[in-house]
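**Q** Below: one structure in structure tokens.
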Amino acid sequence: MRRKLAVLLALVLVLSIFLAACGQKDEPADVGEGEPVETETPADDVNNPAKGRSDAADTLIIGTSEAKGEFMPGFSSSVYDGYVVDLIFDGLISNDAAGNPVPHLAEKWETDDNKTFTFYLRKDVKFTDGEPLTAEDVKFTYLLLSDPKYDGPRTSYVSDLVGYKEYHDGDATDVEGIKVIDDHTIEFTFTEGLATNIWNFGIGIMPKHIYGFEKGNIETAKAKMLEPLGSGPYKLVKFEPKQYVEFERNEDYFLGAPKVPKLILKFTTPETYMSELEKGTIDVQLATATNNENKEIIEGTGFLDIVSFPGNSYYYMGFNLRDPRLADKNVRQALVYGFNREQFVNVYYQGYGAVCNQPISQVSWAYSEDVNAYEYNPEKAIEILEAAGWKEGPDGVREKDGQRLEFIWDTYTESRYVETLIPMLKADWEKIGVKVEANLMEFNALSEKVFDKREFEMYNMGWSLSIDPDSYEIFHSSADVPGGFNCMGFRNEKNDELLEAGRREVDPEKRAQIYQEWAALINEELPYMFINQGENWDVVNKRVKNFNTSPYQKFTSPDIILSVELE
């Protein structure tokens, strides 16, 4: 499914899916860059423990959730593996802080109709083995995604190219819509001129001479997943599963070598990262839990800052609509009315979050204010269930035609978010005659169960969203396939029509209207119970300069990673 969503995200830790960005923004929202929260702590940081580390002078250590080892463009299914891929590989385009597409490996591009794009590549780009990056490498990357045996989540980068079906499903030896003009010029032609097409070009480009394979034999390329080689600002040194990923800078990077020689992504948990920040064993913690307890600790150190910005993400509970109980929209609406989401958000986020009612981020130009708020109303929930024939059984659990509103909720371990959510959700739903039991597992196991096997009743996760509001890869019926992001089995003709219309429309005002209508539809149908959106806190040691993350630029953005330096 499209890079745009990126990538899957462990709800609490913040949510797929950089699955890079997706969708052009002609009228970008003025979201600005993340700014340190004003505190009253003294500027004096002479007791900063991070400065005392033996590697302090040349190593930046960033705390994040565990990566699985999917270190290959087109295959990273979590935001955490996406960090690794982004550091090692470059795309034809990137984006600025306001969400506009900008050239990266390409010096420029040309299109008159959003259907045919011509990219003119830079001539000074080399892979880290010294080989030049050419249009043949670009073509190879997109052929890999088009391969009949490709089983990653980024099919939508290529599925609309002219000749894709003939290559993927037939005997064609090439994709007609990909044409190499010369070593530094390549042309792509899509079947339709969609406003979102430009965002298909953010995926990392892979060297053909390293990953090359014969059509249908993609496993030879995947075998190199743990030995990634790209043209990016950093090179992988070591991956220690469940512990860390270590990098060294690419001294020959075409935009200039990063200022920080060594970088480590250290896998942390909500139970450990505040202690690590205080001890100086990590310099940065991404997506720190936003609460007053953490803020007091951060302010009390005197050597930590918070880079705060509204999160381009949301958190939700997904329903398996193949289950006849959850296929009943009345049940889904009653479940939402029957959970006090505002109370949960207040308890967990302590003023730094808000209830969510739609699949569009609060920072998006397409965000809609005109949707049902589903304010907590257990009486209304009971009324809906009663009218739909769900009567209270002898043990208090509602029943209908031999079925009970008794569910298994698959969720993940090592999460304070989940630990807070479980008792509150169970207690609220019990009041309306619904029983739920939480089944906890590691996040990677949950991801496989939900998206690959689709063996669940309900689950909770979150999405780290793309720049564009297009959510085709999550909600369109074509994504209702094993491995696809529409694991709920949501199929709705009007939904498909609106998602398709939103991609075709190029006028920003008309696009916004389409997505607002679509948001209202999803708000009515509720394939998800939307839970919350919130602020994002990246906690940064004061010895780290220019770590200016924002809603549309994570730390791997060229603008940020090349500017960061150590004091």
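**Q** Rank-order 221-228, 466-473, 483-490 by packing density, defined as the average count of other C-beta atoms within 10 Å over each peptide's residues, highest first.
**A** Ranking the peptides 221-228, 466-473, 483-490 by packing returns 466-473, 483-490, 221-228.
**Q** What does the charge count around His209 come to, taking other residues whose C-beta lies under 11 Å from its C-beta (Lys +1, Arg +1, Asp -1, Glu -1)?
**A** Overall, the nearby charge balance is -3.
**Q** Using a probe radius of 1.4 Å on heavy atoms only, what accessible surface per residue do you get for region 149-205? Whole Å² is fine.
**A** Heavy-atom accessible area per residue stands at 40 Å².
**Q** A follow-up question, please. Using 0.36 nm per residue of separation minus the Cα-Cα distance, give me the extension gain between Glu419 and Ala223 in nm, one decimal.
**A** Answer, rounded to one decimal: 66.8 nm.
**Q** Still on this structure, I have one more. Estimate the FRET efficiency between Ala57 and Lys238 by the formula 1/(1 + (r/R0)^6), using the beta-carbon distance for r and 25 Å for R0, to the nearest 0.05.
**A** 0.80
**Q** If you don't mind, another one. Using +1 on the beta carbon of Lys and Arg, -1 on that of Asp and Glu, and nothing else charged, what's the dipole of the chain about the Cα centre, debye to 20?
**A** Dipole of the chain, to the nearest 20 debye: 840 debye.
**Q** Students often get this wrong, so try it: which of [x] 0.95; [y] 1.37; [z] 0.97 is Rg/Rh (Cα atoms, Kirkwood Rh) as calculated from the structure shown?
**A** [z]
**Q** For a label point 7 Å from the Cα of Asp452 along Cα→C-beta, name the residues of region 230-256 whose backbone N is under 18 Å from it.
**A** Counting backbone N atoms under 18 Å from the label point, the list is 241-242.
**Q** What distance in nm separates the simple spin-label points at Asp370 and Thr185, each placed 7 Å from Cα in the Cβ direction?
**A** Distance between label points: 4.8 nm.
**Q** Tell me, how many Å apart are the Cα centres for region 113-142 and for region 275-292?
**A** 38
**Q** Kindly flag which residue pairs out of Lys165/Lys208; Lys295/Lys426; Lys139/Lys235 have an alpha-carbon separation exceeding 27 Å in this structure.
**A** Lys295/Lys426
**Q** Still on this structure: Once each part is reduced to its C-alpha centroid, what is the distance from region 394-465 to region 48-83 in angstrom?
**A** Rounded to whole Å, the Cα centres lie 31 Å apart.
**Q** A further question follows. If you average the sequence gap of Cα pairs under 8 Å that are 6 or more apart and divide by the length of region 222-346, what percent do you get for the contact order?
**A** With pairs under 8 Å counted, the relative contact order is 11 percent.
**Q** Report the net charge of residues surrounding Pro49, where surrounding means a beta-carbon distance below 9 angstrom and charges are Lys +1, Arg +1, Asp -1, Glu -1. Present the calculation step by step, with values, prior to reporting the outcome.
**A** Details: positive: Lys51, Arg53, Lys279; negative: Glu278.
Every neighbour counted, the sum reads +2.
**Q** May I pose another question? Per the helix-only calculation at 222 nm, which mean residue ellipticity applies to the chain, given -39500 (n - 2.57) for every DSSP H run of n ≥ 4 and division by its residues, nearest 500 deg cm²/dmol?
**A** The per-residue figure over the chain is -7000 deg cm²/dmol.
**Q** For region 249-320, give the percent of accessible area contributed by carbon and sulfur heavy atoms, probe 1.4 Å, rounded to a whole number.
**A** Taking all protein chains in place, region 249-320 shows 45 percent carbon and sulfur surface.
**Q** A further question follows. If the cut-off is a Cα-Cα distance under 30 Å, which lysines reach Lys510, setting aside same-chain residues fewer than 8 apart in sequence?
**A** Counting by Cα, and skipping residues close in sequence, Lys510 has these lysines nearby: Lys4, Lys25, Lys108, Lys115, Lys329, Lys494, Lys554.
**Q** May I pose another question? Which order do the peptides 374-385, 259-270 take when ranked by the mean count of other beta-carbon atoms within 10 Å per residue, highest first? Before the final figure, lay out the partial values.
**A** Numbers: 374-385: 18.2, 259-270: 19.8.
Highest mean packing first, the order is 259-270, 374-385.
The values are calculated or read from the model by the stated rules, or taken from the named source; none is laboratory data. Everything numeric in this text was worked out from a predicted model, so none of it was measured. A quick note on method: Cβ atoms are made from the backbone with ideal geometry, for glycine too, and the neighbour counts reach across all protein chains shown. All accessible areas refer to the heavy atoms of the entire protein, side chains included, with ligands and DNA or RNA removed. Shrake-Rupley method; radii C 1.70, N 1.55, O 1.52, S 1.80 Å.
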